[in-house]
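Below: one structure, written as structure tokens.
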Amino acid sequence: MKKNIIYLAIGIFFGIVMYKSEAASWFRIYEMFNFQSVHMYGVIGTALLTGILVVQYIKRKRLKDINGKEIKIADKEKSIARYLIGGILFGLGWALAGACPGPMFVLAGAGYFPILIVILGAVLGTWFYGLLKDRLPH
Amino acid sequence: MEWILDPWPWYVSGPLIALTMFILLYVGKNFGMSSNLRTLCTICGADKTCDFFCFDWKAQRWNLLVMAGAIIGGFIAANYLSADQVPDLNPHTVSQLQSLGFESAGKSYVPTELFGSEAFSDPATIGLLLAGGLLVGFGARYAGGCTSGHAISGLSNLQLPSLIATIGFFTGGLIMVHLIFPLIF
């Protein structure tokens with residue numbers, strides 16, 4: 001029960017950050033892909049810089065999580081095709097809908113209800129991937 | 001406390017996104033939002049259609065709670081932590097968008113042309129939003145992650161696959177905005 005509240009609280013924090021940072025704004029995504037502002041590059045860049053420094057520190061010091069287990073981020077499988085093709089398809093949708101899988105839920109909460117159509121599409125897209133998975137190059 | 005109501009600058013927001021990832025790592029979980037889409041499929045019965053959705057979705061309940069939190073967070077941010085927040089876009093972006101027919105550029109948080117309630121009665125808009133969602137969902141699972149799993153989490157762990165995926169995300173975005181937008185807007 002207590003853990004559930006922690007997960008919910010993490011989500012609330014994340015949702016607030018996504019909205020206030022404007023990473024959930026279709027306009028900011030469009031502006032980013034036109035290279036007309038440093039804003040989104042700054043958001044992603046500083047997230048990444050902080051992320052790299054702390055993750056490398058965690059790995060070097062072999063830090064443990066709340067359960068006493070060593071913190072590990074699983075290595076991704078080696079491949080080029082799936083990451084490149086999947087990535088390009090994702091990018092096409094990201095720019096069109098102006099939202100990735102986190103912000104689409106943030107926008108639903110913010111009251112932009114047509115985003116529910118995007119969420120429906122994303123769930124269907126995930127399902128189609130599952131159906132076609134074995135026929136796609138990975 | 002005025003600053004909370006203002007848009008948050010990138011140099012504050014970026015590290016706070018990383019902080020979200022660290023808290024998740026500290027409680028023994030990984031940062032990845034698109035996994036929830038797969039869980040939603042399974043809950044809706046997709047496990048009866050193919051093996052990809054046959055997994056114990058209850059083990060992913062924590063992530064659904066993060067997702068539910070994100071919805072609540074969006075509600076709180078929009079209603080209680082903002083004084084009608086409008087992104088301060090580059091004036092060139094605004095005029096470019098207005099020439100594409102986005103009159104709401106520079107006046108609202110997201111384009112009312114796509115996300116206003118009129119969207120539900122316009123088949124073309126419904127089609128665009130659905131197509132956008134389909135690509136995001138299909139692409140995220142094909143690439144094994146989205147912006148949170150690859151561009152933030154994976155790259156922080158210096159994973160080459162995540163770099164390839166992130167290059168893909170940007171390639172796709174550039175193709176959409178520069179080659180496909182002129183055809184559809």
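The values are calculated or read from the model by the stated rules, or taken from the named source; none is laboratory data. Note that the structure is a prediction, hence the values are computed from the model and not measured. Here the Cβ positions follow ideal geometry from the backbone for every residue, glycine too, while neighbour counts run over all protein chains shown. The accessibility values were calculated without ligands, DNA or RNA, using every heavy atom of the protein model including side chains. Shrake-Rupley method; radii C 1.70, N 1.55, O 1.52, S 1.80 Å.
Some points to look at:
- Considering the stretch B:1-51, the qualifying helices (runs of 4 or more DSSP H), each wholly inside and each with 2 or more residues that are under 23 Å from residue B:85 (Cα atoms), run over B:2-5, B:10-26.
- When A:57, A:19, A:7 are checked against the criterion of being more than 19 Å from residue B:8 (Cβ to Cβ), open to solvent by less than 40 Å² (accessible area, probe 1.4 Å) and among the hydroxyl-bearing types (Ser, Thr, Tyr), a single residue qualifies: A:7.
- Breaking point among (1) of a type in the set (Asp, Glu); (2) facing another protein chain (nearest Cβ under 9 Å); (3) free of Cβ contacts under 8 Å to residues at least 60 places away in the same chain, for residue B:113: (2)
- Pairs linking a residue in the stretch A:111-138 that is facing chain B (nearest Cβ under 7 Å) to a residue that is acidic (Asp, Glu), with Cβ atoms under 9 Å and 6 or more positions apart or on different chains, are A:114/B:118; A:130/B:51; A:133/B:51.
- Of note, residue B:134 does not satisfy the criterion of being more than 7 Å from chain A (Cβ to nearest Cβ) and among the hydrophobic types (A, V, I, L, M, F, W, C).
- Residues that are over 21 Å from residue B:81 (Cα atoms), surrounded by 22 or more Cβ atoms within 10 Å (Cβ to Cβ) and aliphatic (A, V, I, L, M) within the stretch A:22-43 comprise A:29, A:32, listed in sequence order.
- Here residue B:45 meets the list (1) open to solvent by 20 Å² or more (accessible area, probe 1.4 Å); (2) more than 7 Å from every other protein chain (Cβ to nearest Cβ); (3) on the phi > 0 side of the Ramachandran plot almost entirely, failing just condition (1).
- Within the stretch A:64-107, the set of residues being farther than 16 Å from residue B:166 by Cβ and of a type in the set (Val, Ile, Thr) comprises A:66, A:71, A:106.
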